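Just below is one structure, and these are the notes that go with it.
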Amino acid sequence: MAEDAIRIMCPNLLCRKVLAVPPTARGKTVRCKACSTTIRIPEKASEASPKPDTKPEEAA
């Protein structure tokens, strides 16, 4: 697949295969080729909240 493919893990606990789907699949439903579970591809990439590298300053 292309480098810009979306990688998503099958939610079936007995399968857990990593699927690579094209970006055009966003917002659509795909089927896992290994176990036939249907998976809805999110419309937008989930953005993780940035964690600060520094600790808050302590009052002296």
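Filtering region 35-44 to residues that are among the hydroxyl-bearing types (Ser, Thr, Tyr) and assigned to a strand (DSSP E or B) leaves only THR38. For residues that are small (Gly, Ala, Ser) and part of a loop (DSSP other than H, G, I, E, B), scanning just region 3-34, find the one that is modelled with the lowest pLDDT. For region 3-34, the residue satisfying everything is ALA5. Residue count for region 1-19 under the criterion of being surrounded by 12 or more Cβ atoms within 10 Å (Cβ to Cβ) and within 14 Å of the chain's Cα centre (by Cα): the result is 9.
The values are calculated or read from the model by the stated rules, or taken from the named source; none is laboratory data. What you are looking at is a predicted structure, and each value in this text was computed from that prediction instead of being measured. Here Cβ is always computed from backbone atoms with ideal geometry, including for glycine, and neighbour counts include all displayed protein chains.
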